[in-house]
1. State whether the residues of region 63-71 include one that is within 30 Å of His170 (Cα to Cα), surrounded by 12 or more Cβ atoms within 10 Å (Cβ to Cβ) and either hydroxyl-bearing (Ser, Thr, Tyr) or not assigned by TED's automatic domain parsing to the domain that holds Ala156 (or both).
2. Just checking, how many residues over region 104-131 are within 22 Å of Ile49 (Cα to Cα), acidic (Asp, Glu) and loosely packed, with under 14 Cβ neighbours inside 10 Å?
3. Taking region 134-186, which residues are out of contact with any Pro (no Cβ under 7 Å at 6 or more places or on another chain), hydroxyl-bearing (Ser, Thr, Tyr) and loosely packed, with under 13 Cβ neighbours inside 10 Å?
4. Which ones in region 124-160 are aliphatic (A, V, I, L, M), in contact with a strand residue (DSSP E or B) (Cβ under 7 Å, 6 or more places away or on another chain) and not in a loop (DSSP other than H, G, I, E, B)?
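The values are calculated or read from the model by the stated rules, or taken from the named source; none is laboratory data. Because the structure is predicted, anything quoted here is derived from the model rather than measured. Cβ sites come from the backbone with ideal geometry, for glycine too, and all protein chains shown count toward neighbours.
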Amino acid sequence: MHYKCEIVIPPTMDIEAAVASVMKPFDEDPREQNEDYDRSHTFWDFWLIGGRWAGRKLLAKYDKAKLDAFHEWLTDEKVTVAGLQCGKQELSPSSQIPKVDAKWNEMFPSVEFLPCPLFQHSNDQYGKGLSGTLPGDVCRLDAAPPDLECERVIFAGPAYNSETKDHTGHLEAKFMLCDSQWNGCNHMKVDWDGRFGSALEKYRENLKGYREEYAAKIQPAADWLVVTVDYHS
């Protein structure tokens, strides 16, 4: 199944490499294995930035009543989709795309004309790097919708570097929340409501137990990035 994860990282020009560094220890089938590799907390076999969840942060910012009105328009216009769904729904026939996109931009205007993020034509669901993203999939922390829902949130920071004797190493997960966890028998619900905003609150509360000097290095600032990741397990 596909799940949605939001990963919070310090500002960087190489977003894909940063996400790859954070995700690497949780690979269900790593290329490099050794006797110390811990498979008990792995949760993915492939991932993409954006993917089928591209545009979700964008949608989370819009008024629900207005989104409902757009769905009502789709029904009134008898807009049809393909019977087989893999990720986002596909408009079928594709000749409906210009009409749907035009109505979307009429109701939700933006700086540039955007394809309707609800449907498959809006992005490449299997695009590598940032090629499968839509506006908002990579955004600043201060622009991330607090009510955004996801199955997992990871806050990352630099690892300890034995050469510099400081936290200047590769990016790694420092705090993670998921909506449920496998306990060896069944999936067990976690004390988290699945909202990005409450995950941030829990992380900041957790940091109060750290030494002030170290906490400052991994405390998310307004210009940190929040990256939408589509992962499969």
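1. No, there is no match, as no residue in region 63-71 is within 30 Å of His170 (Cα to Cα), surrounded by 12 or more Cβ atoms within 10 Å (Cβ to Cβ) and either hydroxyl-bearing (Ser, Thr, Tyr) or not assigned by TED's automatic domain parsing to the domain that holds Ala156 (or both).
2. So the answer is 1.
3. Tyr160, Ser162, Thr164
4. Val138, Leu141, Val153, Ile154, Ala156 - these are the residues of region 124-160 that are aliphatic (A, V, I, L, M), in contact with a strand residue (DSSP E or B) (Cβ under 7 Å, 6 or more places away or on another chain) and not in a loop (DSSP other than H, G, I, E, B).
Residue by residue, here is whether (1) over 25 Å from Val111 (Cβ atoms); (2) at pLDDT below 95; (3) out of contact with any Lys or Arg (no Cβ under 6 Å at 6 or more places or on another chain); (4) assigned to a strand (DSSP E or B) holds:
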{"position": "Gly169", "(1), (2), (3), (4)": "yes, yes, yes, no"}
{"position": "Lys174", "(1), (2), (3), (4)": "yes, no, yes, yes"}
{"position": "Gly184", "(1), (2), (3), (4)": "yes, yes, yes, no"}
{"position": "Met188", "(1), (2), (3), (4)": "yes, yes, yes, yes"}
{"position": "Leu200", "(1), (2), (3), (4)": "yes, no, yes, no"}
{"position": "Tyr203", "(1), (2), (3), (4)": "yes, no, yes, no"}
{"position": "Tyr210", "(1), (2), (3), (4)": "yes, yes, yes, no"}
{"position": "Ala216", "(1), (2), (3), (4)": "yes, yes, yes, no"}
{"position": "Ala222", "(1), (2), (3), (4)": "no, no, yes, no"}
